[in-house]
Amino acid sequence: MQIWFAKIGFHDQAGNEYLSSDGKLNIRKIMPQEFYESFSNAVKGKNCLIVDDNFAMGETFKACKTIIEEAGGVGYSRSIESSWSYFERYHKDGGGSGIMVDFPSLRTYFHHTKQVTLINYLCSKEFGKYISEISDLNLLPSLALQIKRNYKRALKITDWPKHTLRVMHSEIKESDNWLAKSSPEKIYK
């Protein structure tokens, strides 16, 4: 097994120009030529798993899949967290089943802005606001319950392939053993 890391992020790396003037991915801006040749040789004819910390709009997954496919491989995507409110909005707005992640996590996307808010409360010595925010977080359901709720949401969004549903079922089964608490979800409106 080989592991490759790519620094692609269309939200958190918005200052980087990944696209050429014709709107296609400019691979030279993503990785140096000598790495691309090694990468192409490694993925050609192989199934490749793309893992990202979260999934919302799918631009990072789409870029990684494009790079792998251009090199002759097949890309499959897996998120660690997923924005189910974004999926619901996308579907409601006519996006259909064109969700760009093959194996979405049922864990809710805990947006980094919530973490920044908590840190800012501590830094500005606004302990009352911090305690109130933490108290609200402690009222959230267990992670296992949140995952089961997200599964019900997922089934309403689209008809998932059987292999995706198998992964979701496995995540539900395993979540009963997890000690982590659930997270508040970033809501896309």
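Observations on the model:
- When residues in segment 141-184 are screened for being part of a strand (DSSP E or B) and touching a Gly at 6+ places or on another chain (Cβ under 9 Å), 0 of them pass.
- Of all the residues in segment 31-50, those that are under 30 Å from L106 (Cβ atoms) and modelled with pLDDT under 85 number 0.
- Cβ-Cβ under 9 Å pairs, at least 6 apart or on other chains, segment 66-92 side farther than 19 Å from F39 by Cβ and free of Cβ contacts under 8 Å to residues at least 12 places away in the same chain, far side of a type in the set (D, E, K, R) and crowded, with 20+ Cβ neighbours inside 10 Å: none
- Extreme residue, modelled with the highest pLDDT, among residues of segment 51-80 that are surrounded by fewer than 16 Cβ atoms within 10 Å (Cβ to Cβ) and under 21 Å from E171 (Cβ atoms): V51
Results for (1) in contact with a strand residue (DSSP E or B) (Cβ under 9 Å, 6 or more places away or on another chain); (2) loosely packed, with under 13 Cβ neighbours inside 10 Å; (3) closer than 28 Å to K92 by Cβ, shown as yes or no for each residue.
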residue	(1), (2), (3)
V116	no, yes, no
I119	no, yes, no
S124	no, yes, no
G128	no, yes, no
I134	no, yes, no
L137	yes, no, yes
Y151	no, no, yes
L155	no, yes, yes
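- All positions within segment 104-127 that are outside any loop (DSSP other than H, G, I, E, B) and either under 30 Å from G58 (Cβ atoms) or modelled with pLDDT of 90 or more (or both): T108, H112, T113, K114, Q115, V116, T117, L118, I119, N120
The values are calculated or read from the model by the stated rules, or taken from the named source; none is laboratory data. Everything numeric here is computed off the predicted structure, so don't read it as measured data. Cβ coordinates were reconstructed from backbone atoms using ideal geometry, including for glycine residues, and neighbour counts include every protein chain displayed.
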